[in-house]
Amino acid sequence: MDVSTYVLLSHEQALRRRLDVTANNMANSNTVGFKREQPLFHEYVEQTKEAPVEDAKKTSYVLDYGAVHDTSQGAFQATGNPLDVMIDGPGYLNVETAEGGVAYTRAGFIKILETGELATSGGQRILGANGRPIVVPADQKATVTIASDGTVMTRTGEVGRIAVTSFADENMVSPRGDGMMTGTGGTALTQVQTRLRIGGIEASNVQPIVETTAMVEILRSYQTSQRMSESLSEMRKSAIGRLGRIN
């Protein structure tokens, strides 16, 4: 393959990456707390010393540089459950993983396990500001309330405060593949900094119309790339045919 074919191939690989990310966004348009992703590309310029013309000494390729999250907040969706929360602003709830580590989520569905511990809808225990699960006494489960600063109360008083961790660089947060996120360099928010909305959850910030439009644009770009590839192929065939007729 010649240089032009490699350039088109790198472009089509970038389009495939964009399509994968857009399709994933569409699939998660109803996922609680999901943040839309955007692919990030980097230009790689290859330089050669010899070329028929000066402009041909530089060849530009597209490199996949990863993906970034759209951190804009999703809409508040009331659930009627007084334990459900939405983080109003940046940050993530801290949950305990099966391995004993810490993962992060913005999905604020909260329930009380039989053991009295607060947990996500998937059963992962929610961690308090002290780094340990929040436990509600068995005889006080019906009286649990959550304040806007994350304080968990029962009729006898405070039993803990929900931990919220914020990341100055959202690029340090990445999906685990189970609806949770991993991250490094986070900062625990203080009680004053923590802001929760009670009785509902955060909807996905994906806008299906925007993603559908992006899919159409990707398809058209791919079709254009294919036409350019076919034109280049015809040019090569024509050149080879002419060379074959030279006596």
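The values are calculated or read from the model by the stated rules, or taken from the named source; none is laboratory data. This structure is a prediction, so every number in the text was calculated from the model and none was measured. Don't worry about glycine lacking a Cβ; one is built from the backbone with ideal geometry, like all the others, and counts go over all protein chains shown. The accessibility values were calculated without ligands, DNA or RNA, using every heavy atom of the protein model including side chains. Shrake-Rupley method; radii C 1.70, N 1.55, O 1.52, S 1.80 Å.
For this structure, a couple of remarks:
- Hey, S121 open to solvent by 60 Å² or more (accessible area, probe 1.4 Å) and modelled with pLDDT of 95 or more or not: no
- Filtered residue count, the stretch 3-30, keeping only those that are open to solvent by less than 70 Å² (accessible area, probe 1.4 Å) and free of Cβ contacts under 8 Å to residues at least 60 places away in the same chain: 5
Yes/no per residue for (1) aliphatic (A, V, I, L, M); (2) farther than 25 Å from T190 by Cβ; (3) part of a helix (DSSP H, G or I); (4) under 28 Å from the mean Cα position of the chain (by Cα):
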position: A103; (1), (2), (3), (4): yes, no, no, yes
position: K111; (1), (2), (3), (4): no, yes, no, yes
position: E114; (1), (2), (3), (4): no, yes, no, no
position: L118; (1), (2), (3), (4): yes, no, no, yes
position: G122; (1), (2), (3), (4): no, yes, no, yes
position: I126; (1), (2), (3), (4): yes, no, no, yes
position: N130; (1), (2), (3), (4): no, no, no, yes
position: A142; (1), (2), (3), (4): yes, yes, yes, no
position: D149; (1), (2), (3), (4): no, no, no, yes
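- Tallying residues that are β-branched (V, I, T), within 28 Å of the chain's Cα centre (by Cα) and within 21 Å of T5 (Cβ to Cβ) within the stretch 213-228 yields 1.
- Being closer than 17 Å to G179 by Cα, open to solvent by 30 Å² or more (accessible area, probe 1.4 Å) and in contact with a strand residue (DSSP E or B) (Cβ under 6 Å, 6 or more places away or on another chain) is a description that does not apply to R106.
- Condition met for T71 (polar (S, T, N, Q), within 30 Å of A23 (Cα to Cα) and outside any strand (DSSP E or B)): yes
- For the stretch 92-101, filtering for residues that are at pLDDT below 95 and either small (G, A, S) or in contact with a Gly (Cβ under 8 Å, 6 or more places away or on another chain) (or both) leaves 3.
- Qualifying positions in the stretch 132-151 - acidic (D, E) and either surrounded by 19 or more Cβ atoms within 10 Å (Cβ to Cβ) or more than 27 Å from F34 (Cβ to Cβ) (or both): D139
- For the stretch 185-212, the set of residues classified as of a type in the set (G, A, S) and either more than 21 Å from the chain's Cα centre (by Cα) or surrounded by fewer than 17 Cβ atoms within 10 Å (Cβ to Cβ) (or both) consists of G185, A188, G199, G200, listed by residue number.
- Total residues in the stretch 152-183, condition over 18 Å from the mean Cα position of the chain (by Cα), hydrophobic (A, V, I, L, M, F, W, C) and open to solvent by 20 Å² or more (accessible area, probe 1.4 Å): 2
- Boolean, M86 is at pLDDT 90 or above, out of contact with any Leu (no Cβ under 8 Å at 6 or more places or on another chain) and not hydroxyl-bearing (S, T, Y): no
Residue by residue, here is whether (1) of a type outside the set (D, E); (2) modelled with pLDDT under 80; (3) under 19 Å from V216 (Cα atoms) holds:
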site: Q13; (1), (2), (3): yes, no, yes
site: T22; (1), (2), (3): yes, no, yes
site: S29; (1), (2), (3): yes, no, yes
site: A51; (1), (2), (3): yes, yes, no
site: K57; (1), (2), (3): yes, yes, no
site: G66; (1), (2), (3): yes, no, no
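- Only one of the numbered conditions (1) surrounded by 15 or more Cβ atoms within 10 Å (Cβ to Cβ); (2) closer than 22 Å to T190 by Cα is violated by G89, and that is (1).
- Of the residues making up the stretch 39-56, not a single one is surrounded by 14 or more Cβ atoms within 10 Å (Cβ to Cβ), of a type outside the set (V, I, T) and not in a strand (DSSP E or B).
- Yes/no for L232 being open to solvent by less than 50 Å² (accessible area, probe 1.4 Å), modelled with pLDDT under 95 and part of a helix (DSSP H, G or I): yes
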